[in-house]
Amino acid sequence: MTIFTSYNAKILALVFGLGAIAAATSSTYAEDTKSAQRPAASLVAQGEYLARAGDCIACHTKPEGKLFAGGRAMPTPFGTLYTSNITPDPETGIGKWNADDFYATMHNGRFPDGGLIYPAMPFGSYTKVTRKDSDAIFAYLKTVQPVKQANRPHDLKFPYNNRSLILGWRTLFFYEGEYKPDPKQSDEWNRGAYLVEGLGHCGMCHTAINALGGSSESEAFQGGLIPMQNWYAPSLTSNKEAGLGDWSIKDITDLLKTGVSARGVVFGPMAEVVYNSLQYLSDQDVRAMAVYLKSLGQGAPPQPAASNLPTSESSLLSVLGKTIYDRHCASCHGAEGLGKPPHYPPLAGNQSIQMSSAVNPIRMVLNGGYPPGTAGNPMPYGMPPFAQSLSDDEVAAVVTYIRTAWGNRGAAVSAHEANALRAAPLD
């Protein structure tokens, strides 16, 4: 099964605000550096690790740009945002911030001057980060190379360029407070919950975002389409989609740490999350995340997906699809869809193939892709794109076939659905 997560609801997540992510405190830093350079180095190393866990680099470093200098364009339904410079440059970055400023940004969603941060920064998740971890991240950011690069103003549509509207958003959707361990759960489970719900801000992709750019706590991790990206981040609570309730801990940790496992492979935005962030986490933390994620999954068997296509058309698509599959796909994924794990994922019984949304399998057929190159999988096997060689009807046919063959319980897809995704952005 393939999990497609985020990095662009990181878009709607980190965009406005991680730029607002800032800095460290003189007091805490001084306490840790009192005796010598060693504690300082230890604090900085911990901060770098935590910054990796938060995937700060994904939004705050543009392609070919300097580390954490910002300026990356992030298209959203509300206009285009440009990420902030979070290097320690005193004029254009966070060089004048202190630890209290940084923590306020992370915890309260406010700039040092009290100004409101747009909720595209995931301060709804970062509010759960402890003060100790916030200070460590700041200590690390203060050590990166300063870059003098002014922040580019956001290009937002009216009325979204009026920051005072954020007050209403906060009333509806923001719940301030550090993560509180659940005494009924193990330390490992709580560590996983802290990483997933806090720094990892996984809910920013895997929870549906409404027209106001907010999400409901009651729908946390239930999946949704990533705005402007046209990737579907599946539900982590239901085994009908990406719920991991029936996965082994090893399969989950393999997927998170290397991008491939015996049960599936990550592509799309989730591949970037693994590449930039998860592969660098300790085995203990990845396992903790796996334990927590597995606990979210529900064991209910998937129900058949519904299709709007007539039965006769669905049958014709499936017949044509088998011909295309045998010609282009069977050599890797097997005639019976069993694949050759971990490099060629199985399609038979794959939840991500059978979800009510067919966006992800259509995009994989059209655009292909690679799992991330990681220390655990340095030479990943990729899937070629077929957008140039298959027509809309043929793409619909082969996707229909893999969603309905071998006992899969997905529904047929139309040529119109395939055509609509040809123009989807690739990054």
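Any read-out appearing in this document is the output of simple, stated calculations on the displayed coordinates, not a laboratory observation. Bear in mind the structure is a predicted one, so any value in this text is a computation, not a measurement. Glycine also receives a Cβ, built like all others from the backbone with ideal geometry; neighbour counts cover every protein chain displayed.
What the table below lists for this structure:
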| read-out | value |
| --- | --- |
| Anisotropy class of segment 114-158 from Cα gyration tensor, a/c 1.5 cut | oblate |
| Potential lengthening between Asp113 and Lys180 on full extension [0.36 nm per residue; Cα-Cα distance subtracted] | 21.3 nm |
| Size of charge dipole - segment 330-417 - debye, nearest 20, with Cβ of Lys, Arg +1 and Asp, Glu -1, no other charges | 280 debye |
| Nearest-20 debye value, the chain charge dipole, Cβ charges on Lys, Arg, Asp, Glu | 240 debye |
| Angle between the chain longest axis and helix 37-53 axis [Cα atoms, degrees, rounded to 10] | 30 degrees |
| Estimated FRET transfer efficiency when R0 is 60 angstrom, pair Asp326-Ala150 (beta carbons, to 0.05) | 0.60 |
| Per-pair calculated FRET efficiency, R0 = 35 Å: Glu188 and Ser315 via Cβ, rounded to 0.05 | 0.10 |
| Ordering of 379-390, 92-103 by packing [mean C-beta count within 10 Å, highest first] | 92-103, 379-390 |
| C-alpha long axis of helix 392-404 to longest principal axis of the chain, angle in ° | 90 degrees |
| Sorted peptide list for 124-136, 171-183, criterion being average Cβ within 10 angstrom, highest first | 124-136, 171-183 |
| 222 nm mean residue ellipticity, helices alone, for the chain (DSSP H n ≥ 4; -39,500 (n - 2.57); rounded to 500) | -11000 deg cm²/dmol |
| Segment 316-427 shape via C-alpha gyration tensor axes, a/c threshold 1.5 | oblate |
| Shape category assigned to segment 63-203 from the gyration tensor of Cα positions, a/c cut at 1.5 | oblate |
| Reachable lysines from Lys66, criterion Cα separation under 24 angstrom, eight or more residues apart if same chain | Lys10, Lys96, Lys142, Lys148 |
| Student exercise, segment 150-297 dipole from Lys, Arg, Asp, Glu Cβ charges, in Debye to nearest 20 | 280 debye |
| With Cα atoms, 0 to 90° folded angle of helix 131-141 axis to the chain main axis | 90 degrees |
| Entries in Lys62/Lys250; Lys240/Lys340; Lys62/Lys180; Lys257/Lys322; Lys132/Lys250 that, when Cα-Cα distance is taken, lie over 26 Å | Lys62/Lys250; Lys62/Lys180; Lys257/Lys322; Lys132/Lys250 |
